[in-house]
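Undergrad: The structure's right below; bear with me while I get my questions together.
Since every read-out is calculated from the coordinates, none of them should be taken as a lab result. Model, not experiment: these values are computed from the prediction. Ideal geometry is used to build each Cβ from the backbone, glycine not excepted, and the neighbour counts take in all protein chains shown.
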Amino acid sequence: MKTKKREDQPTSPVESRPANTASRTFAQDLFDGVAPSYDTWAQVLTFFQYLRWRASLVSRMALRPGNLVLDVCTGTAGVALEIAHNHNAQIVGIDITRSMLEAGLCAVEKQSLDGRVQLIQGCAEHLPFPDETFDAVVFTYLLRYVQDPNATIRELSRVLKPGGQLLSLEFGIPKALWMRALWEIYNRVVMPVMTIPVSRGWHRVGCFLGPSIRGFCQRYPVDRLAAIWRENGITLAEMRGLLHGVAIVMWGTKEK
Ligand SMILES: C[S@@+](CC[C@H](N)C(=O)[O-])C[C@H]1O[C@@H](n2cnc3c(N)ncnc32)[C@H](O)[C@@H]1O
């Protein structure tokens, strides 16, 4: 697989296949509205935890030099870059939202990592790669945006080599009552209000995030997610709550 940016497409992500039908998806619309300022505001709105959580995820990766890694829903390529800085691996990032990938490509070029990080436009549900291509597959904040999380995990597992690692990072809901109360106030009141002066796009995100996380966690509590991983051939090594469960890191290995 080519991991260098194509010479004839210097300023745009590689388009592998149509990410969806003619109508833009909800996720594309949502992230189109925030792409240029995504990294800054993601940090601010998580009280500067966003990069720490990302680093925590990447620190669980056990890679060998030259390994090939897929970063699904790479967005602005933050996870892909974190992997590139910490492991001698080749990384492919895939995302449906072109504006997020364009911001990602700028970051990749700025850090002179275009020889190791390739960005592709495409969707997680239909990955444009043969079976068992990658040594590790990582996805962050993806499953709330897909219609069928089980089928999506199956697709991620398909492109993972036996013995390869699957890792995820997603928001969660804290269990401790005091933290849950703070979480509810923050997501129901603070986020929707404090994003108003930022931009329309961020206000939309600020209103969307709480109900999205709450709904997803009700439908897919961590035990159910772990079962889905197992059903799709991934032996879960561990899951760990970050900041009292506001985020959850999971990692495991595909059975040989
Ligand atoms: C919250 S952002 C996270 C970006 C990045 N993973 C990070 O940690 O900064 C979610 C990303 O998922 C992408 N996304 C949503 N649904 C997707 C899908 N079905 N396939 C691929 N990417 C998707 C969005 O375009 C967006 O860039």
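Undergrad: Among rounded, prolate and oblate, which fits the chain when a ≥ b ≥ c are the square roots of the eigenvalues of its C-alpha gyration tensor, a/c under 1.5 means rounded, and a/b larger than b/c means prolate?
TA: Values: a/c = 1.59, a/b = 1.18, b/c = 1.34.
Here the chain falls in the oblate category.
Undergrad: If I build a Gaussian network model for the chain, linking alpha-carbon pairs within less than 10 angstrom, which residue out of F171, F26, F216 has the largest mean-square fluctuation?
TA: F26
Undergrad: Follow-up question, since we're still on this one. Modelling each spin label as a point 7 Å along the Cα-to-Cβ direction, I'd like the E125/A226 distance in nm, to one decimal.
TA: It works out to 2.9 nm between the two label points.
Undergrad: Compute the Cα gyration tensor for the range 85-140, then decide on rounded, prolate or oblate, letting a ≥ b ≥ c be the square roots of its eigenvalues: rounded whenever a/c is under 1.5, prolate when a/b is larger than b/c in the other cases, and oblate in all that remain. Write out the running numbers ahead of the final one.
TA: Numbers: a/c = 2.21, a/b = 1.18, b/c = 1.87.
It comes out oblate by the Cα gyration axes.
Undergrad: Enumerate the calculated ³J(HN,Hα) couplings along the range 94-110 in order (Karplus 6.51 cos²θ - 1.76 cosθ + 1.60, θ = phi - 60°), each rounded to whole Hz, writing x wherever the residue is Gly or Pro.
TA: With coefficients 6.51, -1.76 and 1.60, one gets 10, 7, 7, 9, 4, 5, 5, 5, 5, 5, x, 4, 4, 5, 4, 5, 4 Hz.
Undergrad: Quick one: putting +1 on the C-beta of Lys and Arg, -1 on the C-beta of Asp and Glu, what dipole do you get for the range 206-256 around its Cα centre, in Debye to the nearest 20? Mind dumping the intermediate values first?
TA: Values: 7 positive and 4 negative charges, 13 e Å.
So the dipole magnitude of the range 206-256 works out to roughly 60 debye.
Undergrad: While we're looking at this one, here's another question. If each residue of separation counts as 0.36 nm, what is the full-extension length gain between F208 and S112 once their alpha-carbon separation is subtracted?
TA: Details: separation 96, 0.36 × 96 = 34.56 nm, distance 3.48 nm.
Computed gain between F208 and S112 is 31.1 nm.
Undergrad: To the nearest 20 debye, what is the magnitude of the charge dipole of the chain about its Cα centre, counting +1 on the Cβ of each Lys and Arg and -1 on the Cβ of each Asp and Glu?
TA: So the magnitude is around 480 debye.
Undergrad: Considering just Cα atoms, how many Å³ per residue does the convex hull of the range 110-256 enclose? Walk me through the intermediate numbers first.
TA: Values: hull volume 20.8 nm³, N = 147.
So the per-residue Cα hull volume is 142 Å³.
Undergrad: Add -39500 (n - 2.57) for each DSSP H run of 4 or more in the chain, then divide by its residues: what number comes out at 222 nm, to the nearest 500 deg cm²/dmol?
TA: Values: 10 runs with 100 residues, N = 256.
Only helices count here, giving -11500 deg cm²/dmol.
Undergrad: Can you tell which of G163, N150, A136 lies farthest toward the positive end of the dipole of the range 127-186, using +1 and -1 charges on the Cβ of basic and acidic side chains (Lys, Arg; Asp, Glu)?
TA: Ranked along the dipole, the leading option is N150.
Undergrad: Then there's this: Cα to Cα, under 18 Å, and not fewer than 8 places away if on the same chain: which aspartates and glutamates meet these conditions relative to K110?
TA: Once the sequence-local aspartates and glutamates are set aside, what remains near K110 is E7, D39, E82, E102.
Undergrad: Which three extents, in angstrom, do the Cα atoms of the range 165-226 have along their principal axes, listed largest first?
TA: 39, 29, 19 Å, listed from the longest principal axis down.
Undergrad: Mind listing the phi-derived Karplus ³J(HN,Hα) values for the range 216-221, rounded to whole Hz, using 6.51, -1.76 and 1.60 with θ = phi - 60°, and x for any glycine or proline?
TA: These are the phi-based 3J(HN,Hα) values: 5, 5, 6, 6, 10, x Hz.
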